[in-house]
């Protein structure tokens with residue numbers, strides 16, 4: 001039981017931090033992608049989308065190499081005295097941020113792209129600075145996109161497995177998350193605990209997706225009323 | 001805004017037909033004279049020099065240089081796609097591609113190397129589609145700009161009163177009619193303490209009744225505020241009712257600019273070639289008889305017109321359509337015509353529809369122009385040529401106020 005609680009704690013901490021970091025980094029990135037006409041848009045969009053199609057083990061492998069003592073990131077972290085990030089929670093966090101990036105950036109990008117930009121001109125003539133416009137016009141009008149991005153980023157991080165196993169391994173209280181614990185229990189033939197874990201993750205994912213659907217329906221209903 | 005009491009029951013009664021008709025009510029315009037003096041001294045005026053060359057699919061070429069009076073209403077009139085809206089957007093700082101100078105009342109908003117960002121320019125902008133912030137209520141929309149300029153409660157209350165916005169305050173934006181939206185947008189712009197109010201075809205998306213309503217509000221605002229208006233339109237009635245200073249634009253160039261009456265009455269103005277060619281004169285009511293017949297004093301001499309709502313002392317703007325003016329060789333006293341003016345032929349030109357447009361000087365004042373539209377057959381029969389002295393006849397009922 002303590003093993004499960006420890007894994008639950010690591011999972012929640014990881015998913016929460018990952019989501020917060022992704023919202024902070026993903027918002028400007030999505031804004032740029034939604035509005036740019038730069039020729040770098042296509043390759044950058046592809047890089048953002050890569051984790052969706054790439055086997056997680058591929059991402060994990062490269063990360064492991066990069067974070068290792070001879071990798072560029074590993075050398076950097078050693079130089080500033082952090083030691084190696086591989087097989088630590090922080091390495092896991094870095095991997096999760098990369099792995100869940102498209103699930104946060106893509107909904108935000110779609111939301112920003114559908115925003116009528118003339119409304120920003122209006123706000124500018126009402127003396128709102130660019131940051132003020134973002135805060136008081138873009139965020140409220142793109143709220144559904146932000147909610148989708150948050151939920152998808154969180155849920156997807158909870159559900160990751162391959163990357164974690166490659167980068168973080170299986171250290172209780174540090175890098176062992178629920179999905180890894182499940183794998184561990186199955187390997188150890190502890191099927192009762194495995195059932196609890198698998199069932200819990202299944203219900204969690206189902207409930208999250210249900211809530212998203214309901215929210216979407218309510219939103220389109222409200223928008224229909226406003227028109 | 002001076003908060004001056006202003007009520008004019010007649011204004012609300014104008015039907016759209018009357019607005020398009022012969023006589024336009026211009027109301028008292030004490031600003032009319034100082035307007036052009038100010039422009040001459042140049043210190044307070046609005047100076048623009050704008051250039052935009054856009055190649056490719058949406059090819060576009062704008063090049064204007066203008067000095068505008070810093071009070072009253074300047075109308076930019078012309079067909080769509082002529083760059084009118086781009087000028088307004090450039091003044092507001094929304095067109096970073098436009099090159100040139102923008103100086104408003106001694107502040108430089110744009111010059112080579114200078115570009116004051118939109119939110120730091122003191123402009124009020126009323127867009128064609130009101131573009132109210134959809135996630136906010138009417139009151140929150142009004143407060144949005146007002147808060148950001150540190151407006152006072154008194155300003156807010158006065159604006160709400162002036163535009164009759166009180167019953168709308170708690171409404172959601174989705175529950176407003178088109179006319180109500182534009183009223184809110186107008187109030188929201190005025191509450192930002194602008195140095196200039198930019199109006200981009202604010203009536204274009206409205207039906208006739210709503211247009212007339214908003215025009216009434218605009219006419220009243222014009223009287224009570226000192227903020228200069230820069231008003232873009234392609235509608236003749238809006239132009240002739242609101243303009244103190246008029247700019248005619250076509251194809252990204254200024255064709256004519258000047259005091260509104262001069263430009264409207266200029267025989268070479270594109271307006272004169274239109275089907276509704278005519279001249280506009282400023283007149284004041286001398287007398288009114290029991291049947292509503294007005295005796296008007298005008299630079300053309302005495303005119304008679306029908307005006308049910310006007311009283312002696314009122315100042316009006318009278319539009320005399322060329323099609324309502326007929327010409328005679330002798331002074332007929334046996335006809336029903338009340339307005340018979342001595343005129344001299346200045347020039348003949350071809351008007352629309354195969355008719356001749358005769359340019360005349362009216363009365364004893366050679367600068368006062370009158371236009372008459374008659375058939376080519378009549379031109380031949382009366383042997384009309386420049387220098388010929390004639391009598392111009394205008395039915396009083398054609399000059400409905």
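Might you let me know whether segment A:95-112 holds any residue that is more than 10 Å from chain B (Cβ to nearest Cβ), out of contact with any helix residue (DSSP H, G or I) (no Cβ under 8 Å at 6 or more places or on another chain), modelled with pLDDT under 95 and closer than 22 Å to residue A:148 by Cα? No - not one qualifying residue is present in segment A:95-112.
For segment A:71-109, the set of residues classified as surrounded by 15 or more Cβ atoms within 10 Å (Cβ to Cβ), more than 21 Å from the chain's Cα centre (by Cα) and assigned to a loop (DSSP other than H, G, I, E, B) consists of A:71, A:84, listed by residue number. Residues in segment B:226-247 that are more than 11 Å from the chain's Cα centre (by Cα) and surrounded by 18 or more Cβ atoms within 10 Å (Cβ to Cβ) were compared, and the one that is farthest from residue B:75 (Cα to Cα) is B:227. Taking the stated definitions as given, is residue A:163 farther than 25 Å from residue A:88 by Cα, surrounded by 15 or more Cβ atoms within 10 Å (Cβ to Cβ) and either under 19 Å from the mean Cα position of the chain (by Cα) or away from chain B (no Cβ under 14 Å) (or both)? Considered against the rule, which asks whether it is farther than 25 Å from residue A:88 by Cα, surrounded by 15 or more Cβ atoms within 10 Å (Cβ to Cβ) and either under 19 Å from the mean Cα position of the chain (by Cα) or away from chain B (no Cβ under 14 Å) (or both), residue A:163 comes out as no.
Going by the conditions given, is residue B:175 under 30 Å from the mean Cα position of the chain (by Cα) and either facing chain A (nearest Cβ under 10 Å) or without any contact (Cβ under 8 Å) to a residue 12 or more places away in the chain (or both)?
Against the criterion (under 30 Å from the mean Cα position of the chain (by Cα) and either facing chain A (nearest Cβ under 10 Å) or without any contact (Cβ under 8 Å) to a residue 12 or more places away in the chain (or both)), residue B:175 does not qualify.
Residue count for segment B:64-86, restricted to those that are assigned to a helix (DSSP H, G or I) and out of contact with any strand residue (DSSP E or B) (no Cβ under 6 Å at 6 or more places or on another chain): 0. Of note, residue A:169 does not satisfy the criterion of being more than 14 Å from chain B (Cβ to nearest Cβ), surrounded by fewer than 23 Cβ atoms within 10 Å (Cβ to Cβ) and without any contact (Cβ under 8 Å) to a residue 60 or more places away in the chain.
Within segment A:172-227, being exposed (fewer than 11 other Cβ atoms within 10 Å of the Cβ) and within 14 Å of another protein chain (Cβ to nearest Cβ) holds for A:221, A:222, A:224, A:225, A:227.
Residue by residue through segment A:130-149, note down the ones that are crowded, with 18+ Cβ neighbours inside 10 Å and more than 14 Å from chain B (Cβ to nearest Cβ). If the condition is that a residue be crowded, with 18+ Cβ neighbours inside 10 Å and more than 14 Å from chain B (Cβ to nearest Cβ), then A:148, A:149 are the ones that fit.
For segment B:79-127, residues that are within 20 Å of the chain's Cα centre (by Cα), within 13 Å of chain A (Cβ to nearest Cβ) and surrounded by fewer than 17 Cβ atoms within 10 Å (Cβ to Cβ) total 0.
Counted as qualifying within segment B:291-401 are the strands (runs of 3 or more DSSP E) with 3 or more residues that are modelled with pLDDT of 85 or more, namely B:293-298, B:301-306, B:325-328, B:339-350, B:355-362, B:369-375, B:389-394. Checked against (1) closer than 19 Å to residue B:133 by Cβ; (2) touching a residue at least 60 places away in the same chain (Cβ under 8 Å); (3) surrounded by fewer than 20 Cβ atoms within 10 Å (Cβ to Cβ), residue A:112 passes all but a single condition, namely (3).
Here residue B:157 passes the criteria (1) closer than 27 Å to residue B:96 by Cβ; (2) free of Cβ contacts under 8 Å to residues at least 12 places away in the same chain except the one numbered (1).
Scanning segment B:129-156 for residues that are more than 7 Å from chain A (Cβ to nearest Cβ) and closer than 22 Å to residue B:104 by Cβ yields B:146, B:150, B:151, B:155. Taken over segment A:113-129, the criterion of being within 11 Å of chain B (Cβ to nearest Cβ) and in a helix (DSSP H, G or I) is satisfied by A:118, A:119, A:120, A:121, A:122, A:123, A:124, A:125. Of the strands (runs of 3 or more DSSP E) lying entirely inside segment B:89-133, those containing at least 2 residues that are in the same structural domain as residue B:229 (by TED's automatic domain parsing) and touching a residue at least 40 places away in the same chain (Cβ under 8 Å) span B:99-104, B:123-126. Once segment B:198-213 is narrowed to residues that are surrounded by 23 or more Cβ atoms within 10 Å (Cβ to Cβ) and either closer than 18 Å to residue B:241 by Cβ or not assigned by TED's automatic domain parsing to the domain that holds residue B:92 (or both), the residue that is modelled with the highest pLDDT is B:199.
The values are calculated or read from the model by the stated rules, or taken from the named source; none is laboratory data. A quick note: this is a predicted structure, and the numbers were derived from the prediction, not measured. With ideal geometry, Cβ positions are generated from the backbone for all residues, glycine too; neighbour counts draw on all protein chains shown.
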